[in-house]
Amino acid sequence: MVAFAGCSIALGVSLPSTPSPEYLARLNPEQRAAVETLDGPLLVLAGAGTGKTRVLTTRFAHLLMTGRAQPHQVLAVTFTNKAAREMRERLGAILNRPVEGLWLGTFHALAARMLRRHAELVGLTASFTILDTDDQTRLLKQVMEAEGVDLKRWPPNGLMGIIQRWKDRGLTPDRIPVAESSDYANNRAEKLYAAYQARLIALNACDFGDLLLHVTEILRTNPEVLASYHRLFRYILVDEYQDTNLVQYLWLRLLAQGHKNICCVGDDDQSIYSWRGAEIENILRFERDFPGAQVVRLESNYRSTRPILAAAAGLIARNEGRLGKTLRPGRADASGERVRVVSLWDSEEEARMVGGRIEEARRDGVQLGEIAVLVRAGFQTRAFEERLITLAIPYRVFGGAKFYERAEIRDAIAYFRAMSQPADDLAFERIVNTPKRGLGDTALASLHKLAREQQMPLRIAAERLCQTDALRPRPRAALRELLENLTRWNAGLEKEGHVVIAAQVLEESGYIEMWKNDRSIESAGRLDNLKELVRAMGDFATLGAFLEHIALVMENDDNAEGQKVSIMTLHAAKGLEFDMVFLPGWEEGLFPSQRSLDEGGAKSLEEERRLAYVGITRARKHCVISHAANRRIYGNWVSSIPSRFLDELPEGEVLREGGVTQQPRMPSSVFSAGLPLSSQRRPRVIEAGAWEVDQRPERERAFARGARVFHQKFGYGRVLDVDDDKLEIEFEKAGVKRVLDRFVEPA
DNA sequence: CTATGGAATCTTTTT
DNA sequence: GATTCCATAG
């Protein structure tokens, strides 16, 4: 079997018996129990800030150090790439060397890796393509059109949601229970699902949900494959177990049947992704699912002050369906100020309040990187952005448009996919007439017709079509040239390397030329993005590795340089922590969200409450919750009452400021409160109260062409053109953009 | 085929 | 209020 002692010698560390090694000595007793309970199923209930990641990584290291397993015999699953990376790094730090050959990654990345090994068992080849959401929707739309569904009445996104939820639950088209068949499109959902799946196989492609679905299907129908993984994985580690969906659970359970050494770490109180298919029941049911399971609770919180913990605990105690656990302050300095609840007249006053307090905190020496504004919904960020811009406070909004979602990047990738994957119709379709080659509706229609009749990929059909005279000479020549190029580029991959070919593709296809000729303001930025894309490809050994990366690791590679206030949604904030946290918009309808309540009732209310709990527990020292009586939503003013969650906070732990009946008041209190001169440089009429008619400030500061300006987000630039209050500016870093003049200041 | 305008939509989004 | 998609005209 395995050379137990050999492993630890190979790692260059002596066997830990007594005295216990340093990495264990740093743990508290409960953490230590979680690390040292190695045999059988184990659930670690890790409250917010109780050292979950440390436990997980130490446990992994401990398995290796004690010789219980070789690195490749441990399956370690996370939800995010970030979490996987962190675990890998910290593991390396404990072991004092980089670790290779691990089965450590996200559910999706690990499933993809397994699926590539057994792709043919579900009708795919090892080089299948992973589609992003955009491709998915387009494909589904095509399927629906082919089936004659009225897309007006039945939006594709609705069906996409239904299919995804089926996939989340491990339901292949033939497994949908009769009672489940949705009445979508006159009971055709099931049929459309089957057609969609068939198309995916024909394209040699997978959507995200398929990765887990296919692999689970393979494991459940191929005992010999399952057995091979049982032999391989002696131990299984799972992070964020409360967020697993049913198919992920099934996958884990199949794999754990072998050695039964499965350790799941999670917190039922932080389950906030039910709308994505996560089933909190998975964690609540753990002890029944895995007989003989042990449970360890981590309840010592090392992050937050006592009042913050007490406020969070009081709130979450209102939930019914929970395993129950109480966070204890673990810090020595566990006193601290009470949580503040601030009542305001409207959303703009709320933004001013937050901005003012951030300035105050900055003066008191708080680092901006230690401050966060956490909102329920994306549209709320705007008000804070605008406020921070006028106050000249650097900030960063998380979760904006992603690099790989931009049109030019997706086009470029489509070229690479079309080149290397002849069956990838979606990619081929995307680039066949981009840039314009004169292949219009008529040409594409005959192409589609042939492909459908002959059951062949578009690219092959195109080859055939070129040999006939079905097309007029001009489109035929254009199509032929494209096909020859694709073949030629692909042939050059081996010899030239993918980076050279990539540059060649973009140049020779005329794609670069297309943007050079584009006179819109973004074109310069797009060309830069393409350059960056080609550069980034150099970090990967092969084109395939690169494509896998962008499909599974859609990361925002924005540089986190400098101290900046973080603005993000509550969902995005899970797992993070800050000294000072603002939680604005606690109003009925917004938080808890009305839509969520409408859809999910009491269960959803509990999830919203967990979201509130997540928000409060992000704070280390200061937590400021606020609500406004009036709020601007999508252009119109809406009045609302304070969130019920505010009433649920334990009275003794909070400090309430301002009354709900508060009248609109002049901003003097905020404005003269000793703000730094920089923020007062340009007083704006809008300060006088936003419920009045919009009074645009007179053009006291019209920018002239050629003027040098500064923008909070884009940095320094030069004004190219002026159109009323809109400026066209060439930024040194960000390229040419159109911005409103109130967002820039003279440099 | 492209350009323009009107209408529809707007919670959260680890992969 | 702002963006994005689709239909219609040119």
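The values are calculated or read from the model by the stated rules, or taken from the named source; none is laboratory data. For clarity, every value in this text was computed on a predicted model and none was experimentally measured. Glycine gets a Cβ as well: all are built from the backbone with ideal geometry, and neighbour counts include every protein chain shown. Keep in mind that these areas ignore ligands, DNA and RNA; they rest on the heavy atoms of the full protein, side chains included. Shrake-Rupley method; radii C 1.70, N 1.55, O 1.52, S 1.80 Å.
Less than 5 angstrom separates the built amide H of A:E588 from those of A:I641, A:S643, A:R644, all sequence-distant by 5 or more or on a different chain.
For the range A:313-428, the equivalent ellipsoid built from the Cα gyration tensor has semi-axes of 41, 25, 16 Å, listed from largest to smallest. Near the amide H of A:R656, within less than 5 Å, lie the amide hydrogens of A:V341, all on another chain or at least 5 residues away, with H placed in the peptide plane. The alpha carbon gyration tensor of the range A:370-504 gives principal lengths a ≥ b ≥ c with a/c of 1.5 or higher and a/b greater than b/c, which makes the shape prolate. Using the Stokes-Einstein relation with a Kirkwood hydrodynamic radius computed over Cα pairs, the translational diffusion coefficient of the range A:444-563 at 10 °C and a viscosity of 1.306 mPa s comes to 93 µm²/s.
In loop segments of the range A:603-632 as defined by DSSP, there are no GluC sites (Glu not before Pro) with at most 10 further C-beta atoms inside 10 Å of their C-beta. For A:T80, project a label point 7 Å along Cα to C-beta. Then give me every residue of the range A:297-330 with its amide nitrogen under 20 Å of that point. Residues A:302-304 qualify, since their backbone N sits under 20 Å from the label point. When the GluC sites (Glu not before Pro) in the range A:321-373 are filtered for DSSP coil states and for at most 16 other beta-carbon atoms within 10 Å of their beta-carbon, the remaining sites are A:E337. Between A:A317 and A:E360, the FRET efficiency from the beta-carbon distance, with R0 = 30 Å, is close to 0.40. Shape of the range A:191-250 from its Cα gyration tensor (a ≥ b ≥ c, root eigenvalues): rounded if a/c is under 1.5, otherwise prolate when a/b > b/c, or oblate? Taking the square roots of the gyration eigenvalues as a ≥ b ≥ c, the range A:191-250 is oblate.
Here the range A:472-504 is scanned for amide nitrogen atoms under 20 Å from the site 7 Å beyond the Cα of A:N517 along Cα-to-Cβ, giving A:473-486, A:504.
Which lysines have a Cα lying under 19 Å from the Cα of A:K621, excluding residues fewer than 8 positions away in the same chain? Hits, sequence-local ones excluded: A:K564, A:K574.
If R0 is taken as 22 Å, the Cβ-Cβ distance between A:S228 and A:D39 corresponds to a FRET efficiency of 0.45. Applying a DSSP loop filter and a limit of 12 other Cβ atoms within 10 Å to the trypsin sites (Lys or Arg not before Pro) in the range A:370-438 leaves A:K436. Cα centroid distance between the range A:144-179 and the range A:293-361, in Å? If we compute the Cα centre of each part, the gap is 41 Å. The charge dipole of the range A:151-269, taken about its Cα centre with unit charges on the Cβ atoms of Lys, Arg (+1), Asp and Glu (-1) only, comes to about 500 debye. In order along the range A:341-357, the phi-based Karplus estimate (6.51 cos²θ - 1.76 cosθ + 1.60, θ = phi - 60°) of 3J(HN,Hα) comes to 10, 10, 9, 9, 6, 9, 5, 6, 5, 4, 5, 5, 4, 4, x, x, 5 Hz; Gly and Pro are listed as x. Accessible surface comparison of A:V366, A:V505, A:V638, probe 1.4 Å, protein chains only, largest first: the order is A:V638, A:V366, A:V505.
Taking a cut-off of 19 Å between Cα atoms, list the aspartates and glutamates near A:K449, but don't count ones fewer than 8 places away on the same chain. By straight Cα distance, A:K449 reaches A:E145, A:E147, A:D424, A:D425, A:E429, A:D441, A:E463, A:D469. For A:K564, the amide hydrogen comes within under 5 Å of the amide hydrogens of A:G369, counting only partners 5 or more places away or on other chains and with H modelled in the peptide plane.
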